[in-house]
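Each remark here refers to the structure printed beneath this line.
Just so you know, all these numbers are worked out from the coordinates, no wet-lab data involved. As the structure is a prediction and not an experimental result, all values here were calculated from the model. FYI the Cβ positions are ideal-geometry reconstructions off the backbone, even for glycines, and counts take in every protein chain you see.
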Amino acid sequence: MRILIADDDPQLLRALRITLSATGYEVHTAADGAEAIAAAIAHRPDVFLLDLGMPRLDGIEVIQGIRGWSQAPILVVSGRAGAAEKVEALDAGADDYVTKPFSVEELLARIRALTRRVPQAEAAPSVALGEITVDLAARSVTRRDGGHPRQIRLTPTEWQVLELLIRNAGKLVTRQNMLASVWGTDHVEDTGYLRLYVSQLRKKLEPDPANPRFLLTEPGMGYRLQLPPT
């Protein structure tokens, strides 16, 4: 099971990495909020341990960014003991909150409790978009061509955009969440990136790219993947 620990205290980060690795977890670390978002995208952890008071992006912003595309449990580990901070973190999407200093036994128990609530990994669905089939588990896109499937090649970035929309099928995904998830938090205003890659995906996946049926624009807000009726 993969755990991402994000904290700007290098001693605590090292201690938690050693402890959790010895317990059998695959541990990834980040020293600030921007690193945490990048590591989350790269490693797709099963559990997040996040501090609130991190540089570049604080913990609340990281939680909001993660919740745009992942439902993995988030455990806040913070020195902020006030009720207002706890409520804000939980309202942003955190699942539990531990105040520093804490015992290792308590932390491990909280992690076990969170993972019991999510016994299976997030599903990797396969979706049909007309003649196109997208299989997230196989990381493949195929088009039925005369009864035989033909592979459609997507770039790594096109795949990330499409996967994010598929995992949130039918829901609005805001431009800011898409940009942060795919390009990182330094690019949340670079909407031109998004328009370019959505346009490329439409050319590859839509029967009529100029009049999309599946990859829909929500003006001023973001994008939505509209699945055909079953």
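Evaluate E = 1/(1 + (r/R0)^6) for residue 189 and residue 83, where r is the Cβ-Cβ distance and R0 equals 45 Å; express this FRET efficiency to the nearest 0.05.
Values: r = 34 Å, r/R0 = 0.75.
Efficiency at R0 = 45 Å is approximately 0.85.
Between 0 and 90 degrees, rounded to the nearest ten: what's the tilt of helix 156-167 against the longest Cα principal axis of the chain?
Around 80 degrees separate the two axes.
By per-residue mean of other Cβ atoms within 10 Å, what is the highest-first order of 1-10, 148-157, 22-31?
Details: 1-10: 19.8, 148-157: 12.1, 22-31: 16.5.
Highest mean packing first, the order is 1-10, 22-31, 148-157.
Given H placed 1.01 Å from N in the peptide plane, which residues other than close sequence neighbours of residue 29 have an amide H under 5 Å from its amide H?
Amide H to amide H, under 5 Å and 5 or more residues apart or across chains, residue 29 pairs with 5.
From the C-alpha coordinates alone, can you work out the Kirkwood hydrodynamic radius of segment 1-135, in Å? Please report the intermediate quantities before stating the final value.
Values: mean 1/r = 0.0651 Å⁻¹.
Every distinct Cα pair counted, the radius reaches 15.4 Å.
What list do you get for 102, 214, 48 if you sort them by fewest beta carbons within 10 Å?
Working: 102 12, 214 21, 48 28.
Lowest to highest Cβ neighbour count: 102, 214, 48.
By how many nm would the segment from residue 21 to residue 131 lengthen if fully extended, with 0.36 nm per residue of separation less the alpha-carbon distance? The partial results should precede the final answer.
Values: separation 110, 0.36 × 110 = 39.60 nm, distance 4.51 nm.
Difference between extended and current length: 35.1 nm.
Compute for the chain: radius of gyration divided by Kirkwood radius, i.e. Rg/Rh, restricted to C-alpha atoms, rounded to two decimals. Display every interim value, and only then the final one.
On the way: Rg = 19.4 Å, Rh = 19.0 Å.
Looking at the chain, the ratio lands at 1.02.
List every residue whose amide H lies under 5 Å from the amide H of residue 23, counting only residues 5 or more places away in sequence or on a different chain, with H placed 1.01 Å from N in the peptide plane.
none
Name the shape class, rounded, prolate or oblate, that the alpha-carbon gyration tensor gives for segment 126-225, where a ≥ b ≥ c are the square roots of its eigenvalues, rounded holds for a/c under 1.5, and otherwise prolate holds if a/b is larger than b/c and oblate otherwise.
Details: a/c = 2.02, a/b = 1.68, b/c = 1.20.
Prolate shape, in that a/c is at least 1.5 and a/b is the bigger ratio.
Compute the angle between helix 83-92 and the longest alpha-carbon principal axis of the chain, please, reported from 0 to 90 degrees and rounded to the nearest 10.
20
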